[in-house]
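Chemist: Below: one structure in structure tokens.
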Amino acid sequence: MIFFTPFVEITTSSYCSINCLFCPQKLYYDGYTSGVKNPIRHMSMETFRRAIAWTPAGFEIRFSGFSEPYMNPLCTAMILYAHEQKRNIGLFTTLIGASMDDIEAVMSVLSFRQNKDSLIIHLPSDDKTEHFIVNDSYLKMLRYVLSAKGDNIDIHYHGRDLRKEVKKVVLESKRKAFFIKLINRSGNVKLSDEPPPKRLHGSIRCTRLGMHEHVILPDGRVTLCCNDFGLKHVLGNIYKDDYASIKSGKEMKKIFQGQDDESIDILCRRCQFAVKKEVLEAASKAPYSLINKRKHLKLWKILQKKKQDLYLKEKPQP
């Protein structure tokens, strides 16, 4: 039972110079370099090709993870290679680090229609939530991207409002920029407007793809998911383990056991995507329209927001 097509996330770099206020970059860098003699700064093409071969057929290749993809100068080459391998691609980017040549090359091959490629752009906010350099080159790239055809291009921001000059470009494009509320990344981010997440009790389950969204790091290590900035759950390495062995490996077994056994320390216990086991069981047995909104409000909101019903046996009622 899954919401979306399964995917793996590619983290192309060991750092992100944008250093958004809500992104735990120090936690990521410390976890990535801890115990490593010569940490690899950027993912190489060799490692990326291996990552593509390692990832099961039918999985989307999603450029996101723990850093801006274009921190790596080989990002465009990686996207083009994944496209040549007939992979659907998701590019999550701020456009920072990219050149106009990069953007033109990528936009010329990707298809932003339903069930194909997707482009998600994080825009700068007016309250300096992010450390963006907004200049003429950036605005030119943004105009070019927003003029592209296709429904699978989403733009969003996390602060109070868009920066004035960026907002003007968005309005000219007639696309809508969405505000996305910040999440605490399973307790890895402290948010000023909400308390730390409470630890969930009882049997829990992940609402995100049934654990099919692992993150491949620049050196080939594989970690649990996009919330695991501190690399608490390293599942294996694409140079040593195939996908099947990672799914049945020691760390993955620990996570699955920890979903039922509260004495096992797993990241999922404080994750915003975790719900009680009975919530998903109810969802799998009833059509969307019959889910008790009051009883299962958290899952209801997720389904409503994502407009996805693949967890369910029947289509949502009009």
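The values are calculated or read from the model by the stated rules, or taken from the named source; none is laboratory data. Keep in mind that what you see is a predicted model, and the values were worked out from it rather than measured. Cβ placement follows ideal geometry from the backbone for every residue including glycine, while neighbour counts extend to all protein chains displayed. Protein only, heavy atoms only, side chains kept; ligands, DNA and RNA dropped before computing areas. Shrake-Rupley method; radii C 1.70, N 1.55, O 1.52, S 1.80 Å.
Chemist: Among (1) within 20 Å of the chain's Cα centre (by Cα); (2) under 23 Å from LEU224 (Cβ atoms), there is one condition LEU110 misses while meeting the rest; what is its number?
Modeler: Looking at each condition in turn, LEU110 falls short on (2).
Chemist: In region 146-163, what count of residues is obtained for those that are out of contact with any helix residue (DSSP H, G or I) (no Cβ under 8 Å at 6 or more places or on another chain) and more than 19 Å from PRO124 (Cα to Cα)?
Modeler: The qualifying residues number 4.
Chemist: State whether one or more residues within region 170-191 are within 28 Å of ILE61 (Cβ to Cβ) and assigned to a helix (DSSP H, G or I).
Modeler: Checked against the condition, which is being within 28 Å of ILE61 (Cβ to Cβ) and assigned to a helix (DSSP H, G or I), region 170-191 yields at least one hit.
Chemist: Please name all residue pairs, on different chains or six or more residues apart, with Cβ atoms under 7 Å, provided the first residue is in region 201-214 and is within 21 Å of PHE59 (Cβ to Cβ) and in a loop (DSSP other than H, G, I, E, B) and the second residue is open to solvent by 40 Å² or more (accessible area, probe 1.4 Å) and modelled with pLDDT of 80 or more.
Modeler: THR207/PHE273; ARG208/PHE273
Chemist: Additional query: Which one of these is at pLDDT below 85, surrounded by fewer than 20 Cβ atoms within 10 Å (Cβ to Cβ), closer than 25 Å to CYS16 by Cα and not acidic (Asp, Glu): HIS212, HIS156?
Modeler: That would be HIS212, the only listed residue that is at pLDDT below 85, surrounded by fewer than 20 Cβ atoms within 10 Å (Cβ to Cβ), closer than 25 Å to CYS16 by Cα and not acidic (Asp, Glu).
Chemist: Give, as residue ranges, the helices (runs of 4 or more DSSP H) completely inside region 242-318 that count at least 1 residues that are under 25 Å from the mean Cα position of the chain (by Cα) and at pLDDT below 85.
Modeler: Hits in region 242-318: 277-285, 297-306.
Chemist: Another question, then. Only residues that are in a loop (DSSP other than H, G, I, E, B) and among the hydroxyl-bearing types (Ser, Thr, Tyr): list them for region 45-83, please.
Modeler: THR55, SER64, SER67
Chemist: Looking at region 171-189, is at least one residue open to solvent by 60 Å² or more (accessible area, probe 1.4 Å), closer than 30 Å to GLU84 by Cβ and among the aromatic types (Phe, Trp, Tyr)?
Modeler: Looking through region 171-189, none of the residues is open to solvent by 60 Å² or more (accessible area, probe 1.4 Å), closer than 30 Å to GLU84 by Cβ and among the aromatic types (Phe, Trp, Tyr).
Chemist: Now for a different question. Could you tell me whether any residue of region 193-200 is surrounded by 15 or more Cβ atoms within 10 Å (Cβ to Cβ) and at pLDDT below 85?
Modeler: For region 193-200, residues surrounded by 15 or more Cβ atoms within 10 Å (Cβ to Cβ) and at pLDDT below 85: present.
Chemist: Could you tell me whether region 22-44 includes any residue that is surrounded by 19 or more Cβ atoms within 10 Å (Cβ to Cβ) and more than 28 Å from PRO196 (Cβ to Cβ)?
Modeler: yes
Chemist: Okay, moving on. Quick check on my filter: what residues within region 1-44 are of a type in the set (D, E, K, R), touching a residue at least 40 places away in the same chain (Cβ under 8 Å) and in a loop (DSSP other than H, G, I, E, B)?
Modeler: Passing the criteria: only ARG41.
Chemist: Answer yes if at least one residue in region 50-58 is of a type in the set (Val, Ile, Thr), open to solvent by less than 50 Å² (accessible area, probe 1.4 Å) and over 30 Å from GLY187 (Cβ atoms), and no otherwise.
Modeler: Yes, region 50-58 has at least one match.
Chemist: Among the residues of region 84-143, count how many are free of Cβ contacts under 8 Å to residues at least 40 places away in the same chain, part of a helix (DSSP H, G or I), crowded, with 18+ Cβ neighbours inside 10 Å and of a type in the set (A, V, I, L, M).
Modeler: Matching residues across region 84-143 total 1.
Chemist: Show the residue pairs meeting these rules: Cβ distance below 7 Å; 6+ apart or different chains; first residue within region 46-67 and over 15 Å from THR223 (Cβ atoms) and touching a residue at least 40 places away in the same chain (Cβ under 8 Å); second residue small (Gly, Ala, Ser) and in a helix (DSSP H, G or I).
Modeler: Pairs found: ILE61/ALA82.
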